[in-house]
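Have a look at the structure below before the remarks.
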Amino acid sequence: MSQKLKGIAASDGIALAPLYCLEKADLSFNTYYVKDPDREKERLLQAIEASKQEIDQLRSQACLTMGEEEAKVFDAHQLMLEDPEFLQAIYDKILNEHLNAEAALQQVCRFYLTSFEAMSENDYMKERSMDIRDVSQRLMAQLLGKQSKGSWQLNQPAIIVAHDLTPSDTAQLDPRFVKAFVTEVGGRTSHSAIMARSLGIPAIVGVKDLMVKVKGCQHGIVDAISGHFILKPSLDEQAVYQAKINQLDQESQQLQALIHKNTQSKDGVKVELAANIGRPEDLEMAIKNGAEGIGLYRTEFLYMDSDTMPSEEAQFKAYKFVLEKMAPKQVVVRTMDIGGDKTLPYMTMPQEMNPFLGYRAIRLCLDQEALFRMQLRALLRASIYGQLRIMFPMIASLDEFRQAKRIFESVKEELIQQGHSVSSDIQLGMMIEIPAAALLADHFAKEVDFFSIGTNDLIQYTMAADRMNERISYLYQPFNPSILRLIKFVIDAAHKEGKWVGMCGEMAGEAAAAPLLLAMGLDEFSMSAASILKQRHLIRKLDSQVGQSILDRILNETCTQEEVQRLLEAIIAES
Ligand code: PEP
Ligand code: MG
């Protein structure tokens, strides 16, 4: 009998494939004293041998899939398991203090990590401490008889099933083999979901008790349109879903005809449909899907993908590549939005009760000015290669925007004095993702060149509902009149000052939002590449004013998100 689990559809699509479970091993253990230390040492030696074999296998797989250079990291891990000083320190704890092997291993690793991390400005030491963490986890898993977290070297199509996927886990997904992913936690706007959309991988998040229910299941169907994950599908179900997959393929073929068409409503109102990207590699999907520009380049991934702080040169190369490839279309680059769920392995971040309300994005950049200046230098140097727009994330007060702008001007001045060429046509804008900024949009509009509305955070902060928490995902309400009033206010305030407004939150790619955003006069819609052609197809069928009566209702009458949504869905169905 098949079993149907319900979750949140996070990235459209359907997949039918074998399951690949990524279980994070529970590596907790008890500390105790052993009666026979020699036998305990023998147990450790066996775990070391097994870990070496595991590393050997991973190395060969990595060599095939990523190349010799990338596989070298495993050589460092092998060397650690042969390092006489490291091993002797663990043996001593077992033989002299009679500690069990797990506790001995943990104590020695902690000692190494503390001394290495004290030298954290040294890149070599940073790499060594990452090796120690990795090797000690592998060894600990062996000692406890558990599988360490699965490797990503898939070599056949699979649906990835996991409790959670961090942004860096998701970054390693190889779309050639990953047919879909399903997680127990997360919401529609958690970053792994956003990345799945930009990679065009169907995804369902927030499936309750997923890891328990999936035990013993070999195959599944991900219906990331309705949000259902079907385990042990019957032959009939497989046939039905295969037919749906074929139909989706056909529809996407038909949409190809719109790639080079502009985006214009039935009554001739032109808007721009741009793509959100996280990495220069995402440009391919954006171009293939007919993006008219880049409305959000999330530069933090450049920092997250690296083991050390990327140099000005490395950043310059990435920005230049994107600007050149898109020229003469515009590219809106967002300065780094680190913090929240996006952390850097090489940057110590404070432990905070509420990281999403904490030290992040522009707050961190204004505090660590050297870091911010380096990014701005790289951007400004790259500016001559295309149409650069820069925006700052998480601006809450006018003062923050002014400070960021002052630093930008000072970096520009410095570069010019040093003889660098810098474009004279760089627009400077900000994201509207904090209600305080939305409510003061009329003040900000006098000082910015443009706004980009980040609905993912704007909804989270307006509704006071964590965007990653599946238990309260019912509060993620793009069509709540409070959100719609804020958006309308921002657009009107910008237009009054002759400035343009984009939207780069996920709402911009939602079909139901199109009639309202058109009626409000939004200038640019920026979304995951996979949504562009569908949204273009819809906008071309809509009259720009078709959402006006709903808009009037939101502004003047009492209504709920459900009522607004129903009215919008009726418009879509009729179009
Ligand atoms: C947003 O908040 O809407 C946004 C686009 O930024 P991010 O999703 O990266 O927080
Ligand atoms: Mg945001």
Subject >> Options Leu379, Leu371, Leu415, Leu388: the member that is in contact (Cβ under 8 Å) with a residue 60 or more places away in the chain and either surrounded by fewer than 18 Cβ atoms within 10 Å (Cβ to Cβ) or part of a loop (DSSP other than H, G, I, E, B) (or both) >> reply: Leu371
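Residues checked against (1) open to solvent by 50 Å² or more (accessible area, probe 1.4 Å); (2) within 16 Å of ligand 1 (Cβ to nearest atom); (3) farther than 26 Å from His163 by Cβ; (4) in a loop (DSSP other than H, G, I, E, B):
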| residue | (1), (2), (3), (4) |
| --- | --- |
| Thr189 | no, yes, no, yes |
| Ala193 | no, yes, no, no |
| Ala196 | no, yes, no, no |
| Ile201 | no, no, no, yes |
| Phe229 | no, no, no, no |
| Pro233 | no, no, no, yes |
| Gln247 | yes, no, yes, no |
| Gln253 | yes, no, yes, no |
| Ala257 | yes, no, yes, no |
Original post:
Would it be correct to say that Met285 is more than 16 Å from ligand 2 (Cβ to nearest atom) and crowded, with 17+ Cβ neighbours inside 10 Å?
Top reply: yes
Subject >> In segment 264-282, residue most open to solvent (accessible area, probe 1.4 Å) [restricted to those that are of a type in the set (Asp, Glu) and more than 17 Å from Lys325 (Cα to Cα)] >> reply: Asp267
**OP:** Inspect segment 476-491 for any residue being more than 27 Å from Met336 (Cβ to Cβ), more than 13 Å from ligand 1 (Cβ to nearest atom), among the basic types (Lys, Arg) and modelled with pLDDT of 95 or more and give the result as yes or no.
**Re:** yes
Original post:
Across segment 331-364, what is the total count of residues that are within 25 Å of Ala275 (Cα to Cα) and either of a type in the set (Val, Ile, Thr) or not assigned by the TED database to the domain that holds Gly293 (or both)?
Top reply: 7
Original post:
Checking His420 against (1) in a helix (DSSP H, G or I); (2) surrounded by fewer than 20 Cβ atoms within 10 Å (Cβ to Cβ); (3) modelled with pLDDT of 95 or more, which single condition isn't satisfied?
Top reply: (1)
Subject >> Filter result (within 16 Å of ligand 1 (Cβ to nearest atom) and among the small types (Gly, Ala, Ser)) within segment 406-442 >> reply: Gly429, Ala436, Ala437, Ala438, Ala441
Original post:
How many residues are modelled with pLDDT under 95 and either away from ligand 1 (no atom under 16 Å from the Cβ) or not assigned by the TED database to the domain that holds Ser421 (or both) if we restrict to segment 290-310?
Top reply: 5
Subject >> Residue ranges of strands (runs of 3 or more DSSP E) in segment 426-531 with at least 1 members away from ligand 2 (no atom under 16 Å from the Cβ) and open to solvent by 10 Å² or more (accessible area, probe 1.4 Å) >> reply: 427-432, 500-503
**OP:** Being within 28 Å of Ile159 (Cβ to Cβ) and charged (D, E, K, R) is the filter; apply it to segment 1-54 and report the residue that is least open to solvent (accessible area, probe 1.4 Å).
**Re:** Glu54
**OP:** Give segment 552-572 a look and list any residue that's under 17 Å from Ile487 (Cα atoms) and open to solvent by less than 50 Å² (accessible area, probe 1.4 Å), or say none.
**Re:** Ile554, Cys559, Gln561, Val564, Leu568
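The values are calculated or read from the model by the stated rules, or taken from the named source; none is laboratory data. As the structure is a prediction and not an experimental result, all values here were calculated from the model. With ideal geometry, Cβ positions are generated from the backbone for all residues, glycine too; neighbour counts draw on all protein chains shown. Accessible surface areas use protein heavy atoms only, side chains included; no ligands, DNA or RNA. Shrake-Rupley method; radii C 1.70, N 1.55, O 1.52, S 1.80 Å.
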